[in-house]
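Trainee: First the structure, which I've put down as structure tokens, then a few questions once you've had a look.
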Amino acid sequence: MRGGDDLRIFKHRGDIYISAGNRKADIEQKVLLILLAFIIAFTVVFVVLLGIKYDFSAKKFFAPENLEEPEVYYSEELPQVEGKTNFLFIMSNTYTEEIYVCSIIQVDLDSTAYKVCTFDPGTVSDGRSMNDIYKTGGAGGVAGEISRMLGCDIDYYIDQNTDGYKKMFSALGNINYTVLSDIRYKDSSIYGFNIKIKEGDQSIDGDTASKLLRYYMSQKDYRTVSEILLTSLSQQINSENYEKRESLFSKFIDSAATNITVKSYTEGEDGMRVLSDETTGVNVYSVSPVYSSSSVTAESLSDIRGYFSK
């Protein structure tokens, strides 16, 4: 046995010899690994806790300080609505009880549409003109006669004098309307009016709208009168006015003689909500009467009935 050699005694075959020097090194290595694991664990916990308090996301780090997050809007589901309702609209002279405008309007929730037909106030039915019927029976009498003439019900009537129409129109807001040609017209009667308006796109207020309606009625241009009414319906029944519906209904009651009650108004709120929503696409239709003398022809009545039957 030479000096410096380790004594190796193998009691059993397969025993492993570990020198005293290597055993010490292994212990130190294990201690270092444990210490390193502790440091790593401590660092991870520290960073997580710090991240909870401060936003260290890459998006936050690279995004400009003044960048605003886009707002996300979720539209409420609209109610399911159906049915058709017919209205008679009359604009009249307060003092003479003369009808200026006589139109029937259908709000069709089944096909999401507005329909309008404008009659001459001198239209004769069963020997009497609408003007004569109005003077004795009011708008309710005219509604009843038109129902009989067409063979379909007129559910509600709205009777406004020119002042009431202007005020209600102004409360609902101006409309954008395209005038097809220059208009310069003067009605020199005691309750006459003057109108001067240029061809092209115009912002129409209540006063101008009432004059346009009277002007086109004087020209027996019933189709254009219906178009103005359809434009008003399409633009003034909107989300902003829906939010103000209670105050607007109060103004409407003050401006008109009508059989629309608070109950019928409340029952129609869902329909108003659908029609006023910006996502709703509303169709518009008009039909004009054809006259033989002062009476609507049978063929024309049949055509109009097709639009307003329920």
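Trainee: Looking at region 258-271, which of its residues are open to solvent by 60 Å² or more (accessible area, probe 1.4 Å) and under 29 Å from GLY141 (Cα atoms)?
Mentor: Correct list: THR261, VAL262, LYS263, THR266, GLU267.
Trainee: If you check every pair at least six apart or on different chains, which have Cβ atoms under 6 Å apart with a residue in region 290-309 that is under 19 Å from LEU88 (Cβ atoms) and of a type in the set (Gly, Ala, Ser) first and a residue that is part of a loop (DSSP other than H, G, I, E, B) and open to solvent by 70 Å² or more (accessible area, probe 1.4 Å) second?
Mentor: Taking only residues 6 or more apart or on different chains, the pairs are SER300/VAL290.
Trainee: Now for a separate question. What is the residue count in region 255-269 for residues that are of a type outside the set (Ser, Thr, Tyr), in contact (Cβ under 8 Å) with a residue 24 or more places away in the chain and in a helix (DSSP H, G or I)?
Mentor: Keep residues of region 255-269 that are of a type outside the set (Ser, Thr, Tyr), which gives 256-257, 259-260, 262-263, 267-269.
Among the residues that remain, those that are also in contact (Cβ under 8 Å) with a residue 24 or more places away in the chain are: 256-257, 259-260, 268-269.
Subset that is in a helix (DSSP H, G or I): 269.
Counting residues in region 255-269 that are of a type outside the set (Ser, Thr, Tyr), in contact (Cβ under 8 Å) with a residue 24 or more places away in the chain and in a helix (DSSP H, G or I) gives 1.
Trainee: I've got another one for you. Given the structure, is LEU229 open to solvent by less than 10 Å² (accessible area, probe 1.4 Å), among the hydrophobic types (A, V, I, L, M, F, W, C) and touching a residue at least 60 places away in the same chain (Cβ under 8 Å)?
Mentor: So LEU229 fails the test.
Trainee: For region 68-146, list the strands (runs of 3 or more DSSP E) that sit wholly inside it and hold at least 2 residues that are open to solvent by 30 Å² or more (accessible area, probe 1.4 Å) and at pLDDT 95 or above; which are they?
Mentor: Counting at least 2 such residues, we get 84-92.
Trainee: Among the residues of region 281-310, which ones are in a loop (DSSP other than H, G, I, E, B), under 28 Å from the mean Cα position of the chain (by Cα) and surrounded by fewer than 13 Cβ atoms within 10 Å (Cβ to Cβ)?
Mentor: GLY281, LYS310
Trainee: Here is a check on your reading of the model: is ARG214 in contact (Cβ under 8 Å) with a residue 60 or more places away in the chain, basic (Lys, Arg) and open to solvent by less than 50 Å² (accessible area, probe 1.4 Å)?
Mentor: So ARG214 fits the description; yes.
Trainee: Restricting to region 172-200, name every residue that is under 24 Å from ASN238 (Cα atoms) and either loosely packed, with under 10 Cβ neighbours inside 10 Å or in contact (Cβ under 8 Å) with a residue 40 or more places away in the chain (or both).
Mentor: Answer for region 172-200, where residues must be under 24 Å from ASN238 (Cα atoms) and either loosely packed, with under 10 Cβ neighbours inside 10 Å or in contact (Cβ under 8 Å) with a residue 40 or more places away in the chain (or both): LEU172, GLY173, ILE175, ASN176, TYR177.
The values are calculated or read from the model by the stated rules, or taken from the named source; none is laboratory data. Just so it is clear, the model here is predicted, and its values are computed rather than measured. Backbone-built Cβ (ideal geometry, glycine too); neighbour counts: all protein chains shown. Heads up: the accessible areas ignore ligands, DNA and RNA and are worked out on the full protein's heavy atoms, side chains in. Shrake-Rupley method; radii C 1.70, N 1.55, O 1.52, S 1.80 Å.
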